[in-house]
Amino acid sequence: MAEDGPGSPAPQWAEESIPPMQIRVLGCSGSIAAGCRTTSYLIGADILVDAGTGVGDLTLEEMAAIDHILVSHSHLDHVLAIGLLADSVTRRRDAMQRPPVQVHALPETLDALRRHIFNGVIWPDFTRLPSAEHPVLTLHPFAVGDVLQLGGRPIEVLPAAHTVPAVGFAAFTNDGGAWVFTGDTGPNPALWARLAQLDVRMLVIETAFRDDELALARVSRHLCPALLNAELAGLTQATEVCITHVKPGELETVMAEIAQLQTPHHIRPLVSGQTLVLAERGAVADERRPG
Ligand SMILES: [Zn+2]
Ligand SMILES: [Zn+2]
């Protein structure tokens, strides 16, 4: 946590000794193409952060082990695998007598899922299937600032500034270090105010567009490298920064523009299939590349 900053400290682990936090990058692209999957991260074995097309790379067993889905906002690239995963794991979780998979999101996001996806037209209502008494999915509202305890791991809901109600998340190691995912967001002063109070070990931040698409970035409330640069000025210390949500075919251009920025941070693109390991303070961060 921050040494002497104002505000509330980082939430702590509920349990005493937990292995380092592993985050599997299932999808980190702004859209789809061969090799490009949309936003999805797996924290440990049981917590999914967003449910983009990257979820399709999990085995059925891995999908069935997911107990919680955190949803940053209602856009299709972040939610489309919720209903598909529910369909896939229903029998297996039933056979294992597992409780429903809990979907956590803002009330507006849950309402959008109910009205526009689980409406019996786009997809069946898996909050009432296989039976209303024992559904495969349950919906759980949260608010910005809430700290959820999911399988013993504290996860804080962070503000985002997008075209629909949206959030980011901070997942904490047992010594208070934070893995931060911004979600889809344009310029977001409230985020930097909160992060100034946390020990940010790794920041996953979106950069959806190239600099010559600044106008598009502004209207769709995303970032481009110039906007990213202004945002990163809000980080109080040099930080490991990972870029996500770049559109297919644009990664080289966007990263070349980011390489021109004058910044103290270590910035690199995320790669789908990689596993991020968030080390304890003083330990060396480890990382596995795909295949
Ligand atoms: Zn979005
Ligand atoms: Zn998106």
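Where a number appears in this text, it was derived from the coordinates with a stated rule and is not lab data. Note that the structure is a prediction, hence the values are computed from the model and not measured. Heads up, the Cβs are rebuilt from the backbone with ideal geometry, glycines too, and the neighbour counts pull from every protein chain shown.
Do you know the relative contact order of the range 21-288, to the nearest whole percent, from alpha carbon pairs under 8 angstrom that are 6+ apart?
With pairs under 8 Å counted, the relative contact order is 17 percent.
Points 7 angstrom from Cα along the Cβ direction at Ala161 and Ala196: gap in nanometres?
Label-label distance for Ala161 and Ala196, simple model: 1.5 nm.
Mind ordering 53-59, 251-257 by average Cβ neighbours within 10 Å, highest first?
53-59, 251-257
How far is it, in nm, from the label point at Thr275 to the one at Ala132 when both lie 7 Å from their Cα along the line to the Cβ?
4.3 nm
To the nearest 0.05, how large is the calculated FRET efficiency for Leu60 and His266 if R₀ is 25 Å and r is the Cβ-Cβ distance?
So, using R0 = 25 Å, E works out to roughly 0.10.
Subtract the Cα-Cα distance of Asp111 and Ile32 from 0.36 nm times their separation in residues, and report this length gain in nm to one decimal.
25.9 nm
Net charge within 9 Å of Ala170 by Cβ-Cβ distance, Lys/Arg positive one each and Asp/Glu negative one each, not counting Ala170 itself?
Combined, the nearby Lys, Arg, Asp and Glu give 0.
What is the distance, in nm, between label points placed 7 Å from the Cα along the Cα-to-Cβ direction at Gln97 and at Met255?
Spacing of the two 7 Å Cα→Cβ label points: 4.9 nm.
So for each of 107-120, 145-158 I average, over its residues, the number of other beta carbons within 10 Å; can you give me the resulting order with the highest mean first?
The most tightly packed comes first, giving 145-158, 107-120.
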